[in-house]
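The numbers here are math on the coordinates, done by the rules we state, and not lab data. The structure displayed is predicted, hence computed values, not measured ones. Glycine also receives a Cβ, built like all others from the backbone with ideal geometry; neighbour counts cover every protein chain displayed.
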Amino acid sequence: MTSSLRNSLHRRNHKERSQLSHRAKFGILEKHKDYVQRARDYHSKQDRITRLRQKAADRNKDEFYFGMIKERTVQGVHVKDRGNVSMPMDMVKLLKTQDEGYVRTMRANGIKKIERIKSQLTALANLIAPQDDNIEDDGEDALDETDLDTLREAGVIPPETKRRLPPRHIIFAGNETEAKQLSQQRSLNQVKTTTEVDVERAEVDLGWKTMESASSRRRRKNKTSAGASTDIVEETEEIRQLNVQNRKRLLKELAARLKRDTQLRYTQRELEMQRLLAGKGGRRKLRGVEEVGAENNDEDEDEIDNTVAAKASKADEKTYKPRVYKWRIERKR
């Protein structure tokens, strides 16, 4: 019988026996492969125990090595010394100085890149506000609050000034008629003050060099001749979109560079502090890492360091203040 004919014949599928229903409480019926696995595990454990018994029987009680004195165990686990030797303090201070110099160099490179981005952003802006008040801005290219904060932090635009409230002046009236007259006069003064504040709170035109708004283009299109080509309008719209995308890219890169410069400044300050603490001279801690606005006057200084130092590594300068040390004045020879 050929192999093809033998494979075409029907063969019975031999199924393994399952656990009987009245023996279901004993669990799944063990098959031969399960028994083999269990037997191998049992015999391996028995062989291990036999070897340990043989070693214990052959042990020499008078055997001694000097390594037995040097070695140690921690909770029954053998701990091996890697041979690490603490570095001398002079070498540590030298490494700290090199690290601080590297951070200072990287920060200087980052500051140069920030200045280049600021010059590009300044080139995109008109320093003189437009005098044509008839042109209405449709708000398509307006900057959000995050972009404005980034520009203020970089020094491209002046910081936002806080407005002072008008001083209060109490006037005592002699009779009811005079009180009514003073009340009417005060209401008129409040209306004038509100109008002046609204004028001051008007949005300041930053003078970004963007293309004309839709209404302005529509007004100019009506003034132009009827035979003007639409290709110029499409090209102008494309240039405007490119200008907006370039400005967004520069603002995003500027925000990332400023954040990196802040981290490098904190790192440089910490390395300098560690290098000075490793040097000579008596010093005294005046203030640990503390949160701005937190009332921790009654707490212990060590408790302040333990609770706040963990958060200070992730916080910015607006939230936490660094630790302060004072060195003893020594006369230089």
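Note on Glu30 and Ala108: the model spin-label points, each 7 Å out from Cα along the C-beta direction, lie 7.7 nm apart. The stretch between Arg12 and Gln263 holds 82.9 nm of extra length on full extension. This uses 0.36 nm per residue minus the Cα-Cα distance.
List, in the order given, every pair from Lys93/Lys280; Lys96/Lys285; Lys259/Lys280 whose Cα-Cα distance in the structure shown is over 23 Å.
Working: Lys93/Lys280 11 Å; Lys96/Lys285 21 Å; Lys259/Lys280 34 Å.
Table pairs above 23 Å Cα-Cα are Lys259/Lys280.
If only the Cβ of Lys and Arg carry +1 and only the Cβ of Asp and Glu carry -1, the dipole of region 59-110 around its Cα centre is close to 140 debye. Could you give me D for region 1-121, from Stokes-Einstein at 37 °C and 0.692 mPa s, where the hydrodynamic radius is the Kirkwood radius over C-alpha pairs? Units µm² s⁻¹, please. Answer from the Stokes-Einstein relation: 128 µm²/s.
Were the residues from Asp147 through Arg48 laid out at 0.36 nm apart, the gain over their Cα-Cα distance would be 28.6 nm. Taking amide H positions as modeled 1.01 Å from N, with prolines and chain starts lacking one, the residues under 5 Å from Arg287 and 5 or more places away or on another chain are Val324. Take the Cβ atoms of Asn246 and Leu165, set R0 to 45 Å, and the FRET efficiency comes out at 0.65.
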